Amino acid sequence: MNEASITGESVPVGKKKDSGVYAGTILENGTLQIVADRVGEDTTFGRIIELVEEAQDSKSEAERFIDRFSKYYTPAVLGLAIITWLFSRDVELAITLLVLGCPGALVIGVPVSNVAGIGNGARHGVLLKGSEVIGDFSRVDTIVFDKTGTLTIGNPEVADKEFYTDNVGGVLAYLASVEKESDHPPLANAIVEHIGDTTLCRVERTDVVKGAGIVAYIEGHRVAVGNVTLMERENVHLAEKARADIARFEKNGNSLVLISVDGELKALMGIRDQIRPGVKEDLQKLKKLGVKNLVVLSGDNQGTVDLVAGELGLTEAHGHMLPGDKSKYIEKLKTKGHIVAFVGDGVNDSPPSLALAQIGIAMGSGTDVAIETSDVVLMNSDFSRLPHALA
């Protein structure tokens, strides 16, 4: 992309625009230069059509039963009508028997109702991948949510910070350099955006510690960026002031990011995300529809997760959850006989949980793998469509 002008904002050569341009966009004023990275079936609209077509072609257990039933029942009715005519020679009686006994309404009714449901969902921004999904979804009694990007907007910002060094500029340069390598975009983007323009250092090597953070080498220094678990793993001493700051940040509902250089704590940042508007009312609607358990699982600290759960009235809240922990928790719910739906955006660690749950529900703005793995897709990440889909 050389230059794009959408609302008077220009993008210089070599820089990327954060937001894309969707097919069907109308430019009211100015000029727009774009590069198409998806065409035809690869576009969002094309994927919607493909998913709806696949959903309509799939058959539920009820449809398969009706197909097997009609395979034998229809010839039997036809044979009975012929036998009736042979013995009575009454054409009207034979035709009446044929019409009354024909299973047309039964055979047509089930698939038509399912296709109507899938079509209704698609019109309202909900993709239901098949008739069987509709049946399973209607029996869900437990819904498990990922936190970031699902219950929250997914656009966190740095809300609090503390430094334990005089060389603040150097620490921020190291931090920005490491976060550029991060595999957790929401937190990394928030930090990089907060730091702003700074001189980036060459990162020699990075080791990602799942559920904890990143350890990198910069200019011969060992730099660790992550949560308290990573600091303990790196044997970083946390002084009383640092522990008090951590407790205060957690109480305020912050996600914690700590930075150490060569085993010494240099900075602490608190990152906060906003809860989606109206999500509390949507969760209440789910309870009225018969969902007994509303659970949030997050890799975030327990204090932040408890704060979100308390505000939204969730049944359970579990923090410090690694990707494997989330999967095990869903397996545990299934073994107890619960019909589980998992809602996530697929960023970082959701896809395995989406695949394990009886019903995987993906936010439309999430990753491609989440959308492919899931059974239900909420287009435009509109959480308010979830109660509509279940109803």
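The values are calculated or read from the model by the stated rules, or taken from the named source; none is laboratory data. No experiment lies behind these values; they were computed from the predicted model shown. When we count neighbours, we look across all protein chains shown, and the Cβ atoms used for this are built from the backbone with ideal geometry, even at glycine. When the accessible area is computed, the model is the full protein with side chains, heavy atoms only, and any ligands, DNA or RNA have been set aside. Shrake-Rupley method; radii C 1.70, N 1.55, O 1.52, S 1.80 Å.
Taking the conditions (1) more than 26 Å from LEU314 (Cα to Cα); (2) modelled with pLDDT under 85; (3) hydrophobic (A, V, I, L, M, F, W, C) in turn, VAL223 satisfies each one other than (2). A Cβ distance below 9 Å, combined with a sequence gap of six or more or placement on separate chains, defines the contacts here; from the range 260-278, residues that are over 15 Å from ALA244 (Cα atoms) and small (Gly, Ala, Ser) reach residues that are open to solvent by 30 Å² or more (accessible area, probe 1.4 Å) and part of a strand (DSSP E or B) in the pairs SER260/ARG222; SER260/LYS266; GLY263/ARG222. Any residue that is on the phi < 0 side of the Ramachandran plot, surrounded by 15 or more Cβ atoms within 10 Å (Cβ to Cβ) and of a type in the set (Asp, Glu) - is there at least one of those in the range 252-270? No - not one qualifying residue is present in the range 252-270.
Conditions (1) within 27 Å of LEU386 (Cβ to Cβ); (2) in contact with a helix residue (DSSP H, G or I) (Cβ under 6 Å, 6 or more places away or on another chain); (3) of a type outside the set (D, E, K, R); (4) at pLDDT 85 or above, marked per residue:
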{"position": "ALA173", "(1), (2), (3), (4)": "no, no, yes, yes"}
{"position": "PRO186", "(1), (2), (3), (4)": "yes, yes, yes, no"}
{"position": "GLU193", "(1), (2), (3), (4)": "no, no, no, yes"}
{"position": "CYS201", "(1), (2), (3), (4)": "no, yes, yes, yes"}
{"position": "VAL208", "(1), (2), (3), (4)": "no, no, yes, no"}
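Of all residues assigned to the range 164-178, none qualifies as being under 30 Å from GLY364 (Cβ atoms) and open to solvent by less than 70 Å² (accessible area, probe 1.4 Å).
Show me the helices (runs of 4 or more DSSP H) found entirely inside the range 307-391 where at least 3 residues are modelled with pLDDT of 85 or more and open to solvent by 40 Å² or more (accessible area, probe 1.4 Å).
Helices (runs of 4 or more DSSP H) meeting the threshold: 323-335.
A residue that is small (Gly, Ala, Ser), open to solvent by 40 Å² or more (accessible area, probe 1.4 Å) and modelled with pLDDT under 80 occurs nowhere in the range 82-91. Among the residues making up the range 279-300, those that are open to solvent by less than 10 Å² (accessible area, probe 1.4 Å) and either without any contact (Cβ under 8 Å) to a residue 60 or more places away in the chain or closer than 30 Å to GLY226 by Cα (or both) are VAL279, LEU283, LEU294, VAL295, VAL296, LEU297, SER298.
Within the range 233-243, is even one residue at pLDDT 85 or above, within 29 Å of the chain's Cα centre (by Cα) and closer than 17 Å to HIS320 by Cα?
For the range 233-243, residues at pLDDT 85 or above, within 29 Å of the chain's Cα centre (by Cα) and closer than 17 Å to HIS320 by Cα: absent.
Does GLU157 satisfy the condition of being open to solvent by 50 Å² or more (accessible area, probe 1.4 Å) and farther than 22 Å from LYS251 by Cβ? So GLU157 fails the test. Applying a threshold of 6 Å to beta carbon distances and a minimum spacing of six or more residues, or different chains, the list of pairs starting in the range 225-242 at a residue that is free of Cβ contacts under 8 Å to residues at least 60 places away in the same chain and ending at one that is acidic (Asp, Glu) and open to solvent by 70 Å² or more (accessible area, probe 1.4 Å) is empty. Within the range 104-139, being open to solvent by 10 Å² or more (accessible area, probe 1.4 Å), at negative phi and not in a helix (DSSP H, G or I) holds for HIS124, LEU128, LYS129, SER138, ARG139. Given the criteria acidic (Asp, Glu), modelled with pLDDT of 75 or more and either touching a helix residue (DSSP H, G or I) at 6+ places or on another chain (Cβ under 8 Å) or open to solvent by 90 Å² or more (accessible area, probe 1.4 Å) (or both), does ASP42 qualify? So ASP42 does not fit the description; no.
Residues being in contact with a strand residue (DSSP E or B) (Cβ under 8 Å, 6 or more places away or on another chain), within 20 Å of THR148 (Cβ to Cβ), open to solvent by less than 10 Å² (accessible area, probe 1.4 Å) and small (Gly, Ala, Ser) are entirely absent from the range 204-218.
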